[in-house]
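The values are calculated or read from the model by the stated rules, or taken from the named source; none is laboratory data. Since the model is a prediction, treat every value here as computed from it, not as a measurement. When we count neighbours, we look across all protein chains shown, and the Cβ atoms used for this are built from the backbone with ideal geometry, even at glycine.
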Amino acid sequence: MDKMEKLMAEYDGELDFVFTKQMPDKLSGLLHDHTVYINSNQTKEKMIATIAEEIGHYETMIDHDITDYSNLNNWKEERKGRIWSYHKIIPSDELEEFVSDKEQVYNYEIAEQFEVPADIVEEAVLVYRVKGML
């Protein structure tokens, strides 16, 4: 079972996952009720990050629509789900262990190790540093 399958298997019976090409390009995923819609026009790494983020929304938010980004509270809810996903797909202890014996490490190396896009690594590392976790 690969990383994406393991992530979805953790929520088997709680969430349904639907992969579709029928989504706007700028929309990578969407949680509606207990269904996670994933834009399948993405790389596998991006889909892993998207699945984790949508699960993060499921785990952290009250049941309401946060797609209206003109509302500041919706931005906060979006951020909570995203930060939850960083902890899920790039756990700080595993990240620390990965970089501990290296003199220098690049985001792309971390991205390859954790099977996620490099921009997600960059954001996760920033969050961990701000929280004093790295």
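If the condition is being outside any helix (DSSP H, G or I) and modelled with pLDDT of 90 or more, then region 43-94 contributes Thr43, Ile90, Pro91.
Filtered by the rule that a residue be in a helix (DSSP H, G or I) and surrounded by 12 or more Cβ atoms within 10 Å (Cβ to Cβ), region 95-112 gives Leu95, Glu96, Phe98, Val99, Asn107, Glu109, Ile110, Ala111, Glu112. Going through (1) modelled with pLDDT under 95; (2) out of contact with any Gly (no Cβ under 6 Å at 6 or more places or on another chain); (3) surrounded by 13 or more Cβ atoms within 10 Å (Cβ to Cβ) one by one, Met8 falls short only on (1).
If you go through region 41-61 and keep only what is farther than 22 Å from Pro91 by Cβ and under 14 Å from the mean Cα position of the chain (by Cα), you end up with just Gln42. Just one of the listed residues (Val121, Val99, Val125, Val116) is of a type outside the set (S, T, N, Q) and without any contact (Cβ under 8 Å) to a residue 24 or more places away in the chain, and it is Val99. The criterion of being over 15 Å from the mean Cα position of the chain (by Cα) and either surrounded by 15 or more Cβ atoms within 10 Å (Cβ to Cβ) or among the hydrophobic types (A, V, I, L, M, F, W, C) (or both) holds for Leu15. Among the residues of region 18-40, those identified as touching a strand residue (DSSP E or B) at 6+ places or on another chain (Cβ under 6 Å) and either within 15 Å of Lys88 (Cβ to Cβ) or in a helix (DSSP H, G or I) (or both) are Gly29, Val36. Looking only at region 113-129, residues that are in a helix (DSSP H, G or I) and either aliphatic (A, V, I, L, M) or surrounded by 15 or more Cβ atoms within 10 Å (Cβ to Cβ) (or both) come to 11 in all. Filtering region 18-40 to residues that are at pLDDT 95 or above, under 17 Å from the mean Cα position of the chain (by Cα) and farther than 20 Å from Ile120 by Cβ leaves Val18, Thr35. Scanning region 45-61 for residues that are in contact with a Pro (Cβ under 7 Å, 6 or more places away or on another chain) and aliphatic (A, V, I, L, M) returns a single hit, Ala49.
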